[in-house]
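Notes for the one structure printed next.
The values are calculated or read from the model by the stated rules, or taken from the named source; none is laboratory data. These figures come from a predicted structure and were not determined experimentally. Heads up: the accessible areas ignore ligands, DNA and RNA and are worked out on the full protein's heavy atoms, side chains in. Shrake-Rupley method; radii C 1.70, N 1.55, O 1.52, S 1.80 Å.
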Amino acid sequence: MQNKDIYILAIESSCDDTSAAVLKNDKVLSNIVANQEVHQKYGGVVPELASRAHQQNIVPVVQQALEQAKIKKEQLSAIAFTRGPGLMGSLLVGTSFATTFAMSLDIPLIDVNHMQAHILAHFIKTDAPNDKPKFPFISLTISGGHTQLVQVNSYFDFKILGETTDDAAGEAFDKSAKILGLPYPGGPLIDKYAKNGNPEAYPFPIPKTKNELDFSFSGFKTAVLRFIQKNTKENPDFIKENLEDICASIQNGIVTILLKKIEKAVNLTGINQIAIAGGVSANSEIRKQLINTSKIKNWQVFIPPFEYTTDNAAMIGIVGYLKFINDFKANENNHLATARLKVEEN
Ligand code: KG4
Ligand code: ZN
């Protein structure tokens with residue numbers, strides 16, 4: 001029997017990025033992301049503004065994804081969309097669009113769990129040889145909304161080993177950046193200013209958690225706030241004069257917490273294949289420290305290409321493709337947007 005190519009159109013709209021991608025099997029033909037700049041001045045995502053911007057963006061973004069991929073809608077095998085977790089109003093825009101488009105083309109609709117997609121982005125075809133983790137592996141998923149250590153047993157079998165009890169790692173970056181007066185999202189800016197700073201200039205405390213694989217970042221954020229308040233009282237120009245050292249120290253503090261948890265997870269599970277996923281995995285310091293530690297500890301680490309770390313539809317597409325070829329059957333409830341969805345739920 002001749003193998004037929006599968007073409008998936010994928011749609012992601014869970015937070016503040018509207019994205020559409022076209023995949024031919026596990027290869028990405030296009031991956032268009034429209035960022036919503038409207039949130040910058042508010043210091044965080046405003047849900048009502050996000051859903052309105054998704055409505056404006058979704059049709060042109062899908063059109064651009066199809067055009068760039070040089071694929072006609074009639075060639076599509078299925079449509080994959082983010083079912084959750086995320087902001088309800090944002091999810092509804094992608095869900096409604098995907099449902100209607102799939103119905104009009106009379107092709108299958110495949111729901112995708114956003115957290116699984118961040119992890120399975122590692123299975124997108126790239127030119128690098130041997131770059132795919134083998135099961136079971138540990139994923140540290142670090143984004144603006146989530147921080148989890150997950151044991152991945154197969155494409156569709158996930159087990160949470162630990163997660164944050166308060167803020168996510170991305171929030172620790174973004175809230176610290178806000179304290180410094182930087183615009184949202186501040187994570188990439190802290191990364192940028194940290195490049196020329198001294199990571200040991202200002203040590204921040206490592207918070208304790210009841211479960212040793214859980215995370216806590218709210219105490220870290222409070223420590224940054226108190227530190228800045230104290231120093232700007234003494235010198236109003238403290239931030240301006242020391243921005244690079246402050247950013248490098250904050251970044252080093254967050255990365256140290258993350259690496260310590262990975263080490264604990266490796267010791268507890270005996271699994272030494274580590275993948276990182278989610279927006280914060282774009283951070284240059286975590287990439288650097290993870291590679292260095294892996295050499296010392298004999299870990300095998302998997303770091304996703306930059307374009308598949310922050311929210312994007314290509315990662316939704318790869319899960320759509322894997323579900324399609326594995327004949328994954330969803331009941332109709334799975335086609336409803338769901339604001340809360342655990343990584344274990346298919
Ligand atoms: O996965 P993502 O795009 O969206 C969510 O699902 O939350 O992650 C966004 C988060 C934001 O908190 C952003 O500041 C952070 O990822 N981020 C970074 C970097 N790039 C994005 N944090 C630190 N360093 C970076 N280079
Ligand atoms: Zn995400």
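List of remarks:
- Share of alpha-carbon pairs per 5 Å distance bin for segment 252-311, given as whole %: 4, 18, 31, 26, 16, 5, 1
- Tail fraction, Cα-Cα pairs, segment 103-222, threshold 19 Å, whole percent: 62
- Segment 1-90, accessible surface, carbon-and-sulfur percent (1.4 angstrom probe): 47
- Mean separation of Cα contacts under 8 Å, 6 or more apart, over the residue count of the chain: relative contact order %: 25
- In degrees, nearest ten, helix 238-269 long axis to first principal axis of the chain (Cα): 60
- Cα Rg over Rh - segment 273-346, Kirkwood: 1.08
- Each 5 Å bin from zero up to the one holding the largest Cα-Cα distance in segment 133-304 carries the following percent of pairs: 1, 9, 18, 22, 19, 14, 8, 5, 2, 1, 0.
- Cross-link pairs exceeding 22 Å in C-alpha to C-alpha distance, out of K4/K329; K221/K260; K4/K24; K297/K342; K41/K175, comprise K297/K342.
- Segment 133-304: relative contact order as a whole-number percent, Cα under 8 Å and 6+ apart: 29
- Tail weight of P(r) past 25 Å, computed on alpha-carbon pairs of the chain, percent: 52
- Take every Cα pair under 8 Å whose residues are at least 6 apart in sequence, average their separation, divide by the length of segment 225-346, and the relative contact order is 19 percent.
- Relative to the longest principal axis of the Cα atoms of the chain, the long axis of helix 218-234 lies at roughly 40 degrees.
- Those aspartates and glutamates that a straight Cα-Cα span of less than 17 Å connects to K134, excepting residues fewer than 8 apart in one chain: D26, D157
- Computed over segment 1-157, the range of Cα coordinates on each principal axis works out to 51, 40, 25 Å, biggest value leading.
- Prolate/oblate/rounded call for segment 303-346, Cα gyration tensor, a/c under 1.5 rounded: oblate
- Of all lysines in the structure, those lying under 18 Å Cα to Cα from K195, and not within fewer than 8 positions of it along the same chain, are K240, K288.
- Folded to 0 to 90 degrees: helix 314-325 orientation relative to the chain principal axis, Cα: 40
- Heavy-atom accessible area per residue - segment 133-304, 1.4 Å, Å²: 45
- Straight-distance crosslink candidates among aspartates and glutamates, where the alpha carbon sits under 17 Å from K208 and sequence neighbours closer than 8 are dropped: E163, D166, D167, E263
- Taking only the alpha carbons of segment 199-299, we obtain Rg and Dmax values of 15.6, 50 Å in that order.
- Using only the C-alpha atoms, the convex hull of segment 49-125 corresponds to 104 Å³ per residue.
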